[in-house]
Amino acid sequence: MPKLTNLASWKALEAHFLQIKDVHMRDMFEQDKNRFSKFSAQMNDILLDFSKNRINDETFKLLTELAKETGVLEWRDRMFAGEPINISEFRPVLHTALRNRSNEPVYVDGENVMPKINRVLAQLRYFTERIRGGHMRGYSGHLFKDVVNIGIGGSDLGPHVVCDSMKPYAQRGMNVHFVSNVDPTHLTEILKFVQPESTLFVVSSKTFSTQETMLNAQSARDWFVKLTVNEKAVARHFVAVTSNKKAAAEFGILDENMFEFWDWVGGRYSLWSAIGLPIALYLGMDHFEELLEGAHDMDMHFKSAPIEKNLPIILALMGVWYNNFFDAQSHAVMAYNQYLRRLPAYLQQLDMESNGKTINRDGKRVDYLTGPIIWGETGSNCQHAFFQLLHQGTKPVPADFLIPARSKNPLGDQHCVLLSNYFAQTRALMKGKTEDEARAELEASGYSEEIIKDVLPHKIFEGNKPTNSIIFENLNPRTLGALLAMYEHKVFVQGIIWNINSFDQWGVEYGKQLASDIQSELSCRQNTASYDDSTNNLINYCMSLQFSD
Ligand code: G6Q
């Protein structure tokens, strides 16, 4: 691809940026009463209002030209068609096939993969219905009450955000827990509250070799055998989700208790695969399939909606606008919904592991910013924590604001108050408070001119802070599936525009390699001189504390 910064649309955006960078959204809303209808789009019940962005008709036109010029639509079609677009791992990227509810054939190396996807879905249904219905029980005849998922990264964050968000749909009496950290505290604290005879352990690991997961799985197995004194019972209480069946068999998992997925499913894109087993156990297979259907709806929208009305493409373009022209370093996600409290953690991996790259698809170093730092918190908590910086700080922080119109837990006026906060914040961030408005407020409060003079600068809000508002009817599996798929495709579009491979994660692999080198050193319990002066001294100091009497 020609260099991004040499493209005609990029050059036009650079020139346009100079004209628009000081224009205030307050004035844009004054001058154009149709901003909402121009700058909003909908998929099913999900409404995206992007009118509170620092864009006008020309900006949006140029950004859509950028999408066209960088080949977003062609790359999208190549991804859906199963071409090996993950160029550094030589693989297709086919999480969309996992939720292909149309069941139309999808080919990998000439093989239609839909039959094997459907076979695993049927296996998941059979297994989860037997567990949930009490037909399959623990070794001593107890019903399974607790599911403990042992996995990390992509084998944890996706199912975790879904299970947390979908609590109202969970089967009564069924609990799900997620162990990811190799810090022994994580597993220990969970094991305190479960009984071996009623606990099912799901060892989730694509490679079945990730150190943290393997250690946690082994420790859980040791705990189980110690308490049950029944080694044979392990087979009934441990199941595996993996693309490495051989390693799972070596761990002692029975073939019928293995749930397979394939190397063309990236870890952070895998919640739609058998990695969703804890979701199906907790919520039931029907709800898991509704989740897949919602994601499929978004796939169809992404494939067919015009760029100007295409939710993932619009979100991606707004992000590129701030990232590359306003030099915004981060992007915040504020879900005004307590069930979505893990959404930022999930999006951090999805976005930062996908687009935190410096080398482009041609193997060259980029000379522009790529993926932003993703962060966020639930509303209205966020308002009482870091919103000060959003309103009056020196850094631009574009943000997504999400909210369901209806609450799953209506309590008095509480949801109405939540909604009011949601609308008030995005409006205030856009509009700000002028000097005249701030002065009028102080005068109305009866302050003297002398005090007003001192206080006034602190009470002014510049405004012009961009937000995307995302509203949906209520948070159900179908809508959640669509929202998560929307963000997946947003990340994909940005990766295409930045000309990077969003589907590898060499930084993660590097971390795995580094830790295992140091671990062999630590096991020797002797002073080391193998590393740099800082690392040597830190290791030696820590050893002296750990092994002193
Ligand atoms: C995701 C990454 C990474 C991965 C974990 C766990 O895209 O590849 O987060 O999911 O490192 O890997 P395993 O599933 O192989 O244990």
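The values are calculated or read from the model by the stated rules, or taken from the named source; none is laboratory data. This structure is a prediction, so every number in the text was calculated from the model and none was measured. Note that each Cβ is placed from the backbone with ideal geometry, even for glycine, and that neighbours are counted across all protein chains shown.
Listed conditions (1) more than 23 Å from the chain's Cα centre (by Cα); (2) surrounded by 18 or more Cβ atoms within 10 Å (Cβ to Cβ) are all met by Glu14, apart from (2).
When the range 221-269 is filtered for residues that are within 16 Å of the ligand (Cβ to nearest atom), over 27 Å from the mean Cα position of the chain (by Cα), closer than 30 Å to Asn100 by Cβ and not in a helix (DSSP H, G or I), only Ile253 remains.
Contact annotation: residue pairs with Cβ atoms under 6 Å, 6 or more positions apart or on different chains, pairing a residue in the range 75-86 that is under 13 Å from Asn501 (Cβ atoms) with a partner that is surrounded by fewer than 18 Cβ atoms within 10 Å (Cβ to Cβ) and modelled with pLDDT of 95 or more, are Pro84/Phe90; Ile85/Arg78.
Scanning the range 108-123 for residues that are in a loop (DSSP other than H, G, I, E, B) and free of Cβ contacts under 8 Å to residues at least 60 places away in the same chain yields Asp109, Gly110.
Every test in (1) among the acidic types (Asp, Glu); (2) farther than 22 Å from Leu484 by Cβ; (3) within 16 Å of the ligand (Cβ to nearest atom) is passed by Glu111 save one, and that test is (3).
Of everything listed in (1) over 24 Å from Asp27 (Cβ atoms); (2) surrounded by fewer than 16 Cβ atoms within 10 Å (Cβ to Cβ); (3) touching a residue at least 12 places away in the same chain (Cβ under 8 Å); (4) more than 16 Å from the ligand (Cβ to nearest atom), the single unmet condition for Arg478 is (2). Tallying residues that are within 16 Å of the ligand (Cβ to nearest atom) and over 24 Å from Ser102 (Cβ atoms) within the range 114-166 yields 13. With respect to Gly412, determine if the residue is surrounded by fewer than 19 Cβ atoms within 10 Å (Cβ to Cβ), of a type in the set (Gly, Ala, Ser) and more than 26 Å from Phe29 (Cα to Cα). Criteria met by Gly412. How many residues does the range 1-33 hold that are closer than 25 Å to Gln425 by Cα and assigned to a loop (DSSP other than H, G, I, E, B)? Total meeting the criteria: 6. Evaluation of Phe36 against the conditions (1) over 28 Å from the mean Cα position of the chain (by Cα); (2) part of a helix (DSSP H, G or I); (3) farther than 26 Å from Gly495 by Cβ shows that the sole unmet condition is (1). Scanning the range 195-220 for residues that are away from the ligand (no atom under 16 Å from the Cβ) and within 13 Å of Asn149 (Cα to Cα) yields Thr199, Leu200.
Just a yes or no: is a residue in the range 369-376 in contact (Cβ under 8 Å) with a residue 60 or more places away in the chain and more than 10 Å from the chain's Cα centre (by Cα)? Scanning the range 369-376 turns up at least one residue that is in contact (Cβ under 8 Å) with a residue 60 or more places away in the chain and more than 10 Å from the chain's Cα centre (by Cα). Taking the range 219-231 as the range and being hydroxyl-bearing (Ser, Thr, Tyr) and either farther than 27 Å from Ser243 by Cβ or without any contact (Cβ under 8 Å) to a residue 12 or more places away in the chain (or both) as the test, only Thr228 passes.
Would you mind stating whether Glu104 is more than 16 Å from the ligand (Cβ to nearest atom), part of a loop (DSSP other than H, G, I, E, B) and either among the acidic types (Asp, Glu) or at pLDDT below 95 (or both)? In short, yes. As a summary of the residue check, Glu308 satisfies the conditions (1) surrounded by fewer than 17 Cβ atoms within 10 Å (Cβ to Cβ); (2) in a loop (DSSP other than H, G, I, E, B) except for the one numbered (2).
For a quick check of your reading: which helices (runs of 4 or more DSSP H) sit entirely within the range 434-549 and have at least 1 residues that are within 30 Å of Val265 (Cβ to Cβ), under 30 Å from the mean Cα position of the chain (by Cα) and charged (D, E, K, R)?
477-497, 506-523
Look at the range 431-442: where a residue is under 14 Å from Pro457 (Cβ atoms) and a partner is charged (D, E, K, R), sitting 6+ places away or on another chain with Cβ atoms under 6 Å, you get Gly432/Glu462; Ala438/Lys459. Among the residues of the range 223-251, those identified as in contact with a strand residue (DSSP E or B) (Cβ under 7 Å, 6 or more places away or on another chain) and farther than 14 Å from Val202 by Cβ are Ser243, Lys245.
Screening the candidates Gly294, Gly266 for the property of being modelled with pLDDT of 95 or more, touching a Phe, Trp or Tyr at 6+ places or on another chain (Cβ under 6 Å) and either of a type outside the set (A, V, I, L, M) or over 24 Å from Gly173 (Cβ atoms) (or both) yields one hit, Gly266.
Answer yes or no: is there a residue in the range 271-294 that is closer than 30 Å to Asp49 by Cα and within 12 Å of the ligand (Cβ to nearest atom). Checking the range 271-294: at least one residue is closer than 30 Å to Asp49 by Cα and within 12 Å of the ligand (Cβ to nearest atom). Per this entry, Pro312 is not counted among residues that are farther than 21 Å from Trp75 by Cβ and in contact (Cβ under 8 Å) with a residue 60 or more places away in the chain. Checking each residue in the range 106-141 for being closer than 22 Å to Asp255 by Cβ and aromatic (Phe, Trp, Tyr) picks out Tyr126, Phe127, Tyr139.
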